[in-house]
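Only the coordinates and a few stated rules stand behind these numbers; no lab work does. The model shown is predicted, which means the values in this text are computed figures rather than measured ones. Counting neighbours? That spans all protein chains shown, and the Cβs are built from the backbone with ideal geometry, glycine included.
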Amino acid sequence: VSVTGDVQNPKNLLVRIGKSFFSLIEECGGPRGDMRKVISGGPMMGVAQSRDVPVVKGTTSILVFNEDRVKEEEEMPCIRCGRCIEACPMNMMPTKLVDLVRKEKWEEAKDYGIMRCDLCGSCAYVCPSKIPFIEEIKKGQEHLRSQEE
């Protein structure tokens, strides 16, 4: 597992499954500054995790970001620029999906293909309004999966 980013001594470590991310970060000398975000995987496709998450079979890297790299930005209203739609590799309408999830219109979100979204993050990356697309779409997908059970 590669532990990199804002840690004192970035390293590649051979670890057992089940060891916590935080213990690996501590093994690399701890974070540099205030640890704001821990990501499992790469910077674009990785998933933000809690520092207490255990290493699993598919864990390849852990990225640590401090307060200098993670700026808390306030979400603004959508300006209907269309950048998220252009960036979506699945040709979906992320703004519509987020709107439907927030209004809890689950069947309509399903009709718009919310389950096809692979949560790549391209829409959120290009959004000038800083809309949390991934979190909202993931919430909608989880709700729909729970309804199927």
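Recomputing log10 I(q)/I(0) by the Debye sum over Cα atoms at q = 0.12, 0.21 Å⁻¹ from the coordinates shown identifies the correct label among (i) -0.60, -1.30; (ii) -0.46, -1.35; (iii) -0.61, -1.17 as (iii).
Along the axis of the charge dipole computed for the chain (Cβ charges of +1 for Lys and Arg, -1 for Asp and Glu, origin at the Cα centre), the listed residues M92, S20, M115 are led at the positive end by S20. Cysteine residues of the chain whose C-beta has no other cysteine C-beta under 4.7 angstrom: C28, C78, C81, C88, C117, C120, C127.
Amide H contacts for N66 (H built 1.01 Å from N in the peptide plane; partners 5 or more residues away or on another chain; cut-off under 5 Å): D6, R36. For the chain, the relative contact order comes to 20 percent (Cα pairs under 8 Å, sequence separation of at least 6).
In order along region 14-22, the Karplus-derived 3J(HN,Hα) couplings, from 6.51 cos²θ - 1.76 cosθ + 1.60 at θ = phi - 60°, round to 9, 10, 7, 4, x, 6, 6, 4, 4 Hz, and Gly and Pro are given as x. Rounded to the nearest 10 degrees, the inclination of helix 133-148 to the longest alpha-carbon principal axis of the chain is 80 degrees. Hydrodynamic estimate: the Kirkwood radius of region 50-95 over Cα pairs, inserted into Stokes-Einstein at 10 °C and 1.306 mPa s, corresponds to D of 108 µm²/s.
In the chain, helices alone account for a calculated mean residue ellipticity at 222 nm of -8500 deg cm²/dmol, with every DSSP H run of four or more residues adding -39,500 (n - 2.57). The DSSP beta bridges internal to region 1-142 are antiparallel in roughly 75% of cases. Considering every Cα-Cα pair within region 1-80, what fraction, in whole percent, is farther apart than 16 Å? Tail fraction, whole percent: 49. For the chain, a crude dipole built from +1 on the beta carbon of Lys and Arg and -1 on the beta carbon of Asp and Glu, taken about the Cα centre, is about 340 debye to the nearest 20. A cut-off of 5 Å between modelled amide H atoms, ignoring neighbours fewer than 5 places along the same chain, links S2 with L13, S61, I62.
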